[in-house]
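Novice: One structure, as structure tokens, below. Some questions next.
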Amino acid sequence: MTRVLDAIHAALKIVLGVLVGGLLIPVSMQVLSRFTGLIPRYIWTEEIARFCFVWMIMVGAIIAVRDGSHFDLDLLPTSDSPKTEAAKRILVNLLMLVVALVFVWYGWKLVEFGWFQTSEIAALPMNWIYGAWPLAGVLFTVFILEKLVRDTSILMARAQ
């Protein structure tokens with residue numbers, strides 16, 4: 001299962017790179033059209049840049065959950081015991097799981113809300129844009145469950 005999750009994680013990193021590149025194109029076009037007369041002013045660039053930005057944030061957050069590189073606060077004192085540290089990570093991951101499930105639930109409601117809507121300028125289906133939230137919630141859940149399994153095995157291991 002870890003190999004499948006590693007493959008998903010690697011694919012997400014590629015998608016993130018494509019989204020960053022996709023964001024650079026319309027933003028560069030906006031800058032060039034505003035400050036030079038080299039290209040005409042396109043109105044779709046701002047909308048596409050915004051949508052790329054939304055997806056970039058969500059995909060980046062998914063990657064950060066898997067890497068453990070998301071914003072973190074150390075409120076509890078560190079311990080020399082691996083079991084204590086595993087128990088603390090389990091608590092944090094259970095709280096993150098609640099948030100992930102909120103993303104799934106309300107993200108799906110957002111997709112349903114945007115099902116028959118299109119964006120104003122580019123006429124893109126809004127459910128594609130809103131789909132970032134439930135997808136992020138599902139992948140948050142999968143990666144958090146992976147961490148919970150690992151930390152639970154540490155917690156349940158017998159002292160040697």
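Novice: Only one of (1) without any contact (Cβ under 8 Å) to a residue 12 or more places away in the chain; (2) within 29 Å of residue 137 (Cβ to Cβ); (3) assigned to a helix (DSSP H, G or I); (4) open to solvent by less than 60 Å² (accessible area, probe 1.4 Å) is not met by residue 70, so which one is it?
Specialist: Every listed condition holds for residue 70 apart from (3).
Novice: Output the residue which, of all residues in segment 38-93 that are modelled with pLDDT under 90 and among the acidic types (Asp, Glu), is farthest from residue 119 (Cα to Cα).
Specialist: Among those residues, the one meeting the criterion is 80.
Novice: Please specify each residue of segment 85-110 satisfying the condition of being open to solvent by less than 60 Å² (accessible area, probe 1.4 Å) and more than 18 Å from the chain's Cα centre (by Cα).
Specialist: Residues satisfying the conditions are 85, 86, 87, 88, 90.
Novice: Here's another thing I want to ask about it. Only one of these conditions is not met by residue 129: (1) open to solvent by 60 Å² or more (accessible area, probe 1.4 Å); (2) touching a helix residue (DSSP H, G or I) at 6+ places or on another chain (Cβ under 9 Å); (3) within 30 Å of residue 28 (Cα to Cα). Which number is it?
Specialist: (1)
Novice: Now for a separate question. What's the number of the only condition in (1) more than 26 Å from residue 6 (Cβ to Cβ); (2) within 22 Å of the chain's Cα centre (by Cα) that residue 116 fails to meet?
Specialist: (2)
Novice: Another question, then. Would you mind telling me which numbered condition in (1) open to solvent by less than 40 Å² (accessible area, probe 1.4 Å); (2) under 13 Å from the mean Cα position of the chain (by Cα); (3) free of Cβ contacts under 8 Å to residues at least 40 places away in the same chain residue 138 fails?
Specialist: (1)
Novice: Additional query: Looking at this structure, is residue 78 surrounded by fewer than 17 Cβ atoms within 10 Å (Cβ to Cβ), part of a helix (DSSP H, G or I) and out of contact with any strand residue (DSSP E or B) (no Cβ under 9 Å at 6 or more places or on another chain)? Lay out the reasoning, then the answer.
Specialist: Values: surrounded by fewer than 17 Cβ atoms within 10 Å (Cβ to Cβ): yes; part of a helix (DSSP H, G or I): no; out of contact with any strand residue (DSSP E or B) (no Cβ under 9 Å at 6 or more places or on another chain): yes.
In short, no.
Novice: Could you check segment 5-50 and list, in sequence order, the residues that are in a helix (DSSP H, G or I), over 23 Å from residue 120 (Cβ atoms) and either open to solvent by 80 Å² or more (accessible area, probe 1.4 Å) or among the hydroxyl-bearing types (Ser, Thr, Tyr) (or both)?
Specialist: Hits for segment 5-50 are 13, 14, 18, 35.
Novice: Please go through (1) under 23 Å from residue 60 (Cβ atoms); (2) in contact (Cβ under 8 Å) with a residue 40 or more places away in the chain for residue 103 and return the number of the only condition it doesn't satisfy.
Specialist: Tallying (1) under 23 Å from residue 60 (Cβ atoms); (2) in contact (Cβ under 8 Å) with a residue 40 or more places away in the chain, residue 103 fails exactly one: (2).
Novice: Sticking with this structure for a sec: Restricting attention to helices (runs of 4 or more DSSP H) lying wholly within segment 82-160, give those where 1 or more residues are in contact with a Pro (Cβ under 7 Å, 6 or more places away or on another chain).
Specialist: 82-113, 132-156
Novice: Given the condition touching a residue at least 40 places away in the same chain (Cβ under 8 Å) and of a type outside the set (A, V, I, L, M), answer yes or no: does some residue in segment 24-39 qualify?
Specialist: No, segment 24-39 contains no residue that is touching a residue at least 40 places away in the same chain (Cβ under 8 Å) and of a type outside the set (A, V, I, L, M).
The values are calculated or read from the model by the stated rules, or taken from the named source; none is laboratory data. Just so it is clear, the model here is predicted, and its values are computed rather than measured. Positions of Cβ are backbone-derived with ideal geometry, glycine not excepted, and every protein chain shown enters the neighbour counts. Heads up: the accessible areas ignore ligands, DNA and RNA and are worked out on the full protein's heavy atoms, side chains in. Shrake-Rupley method; radii C 1.70, N 1.55, O 1.52, S 1.80 Å.
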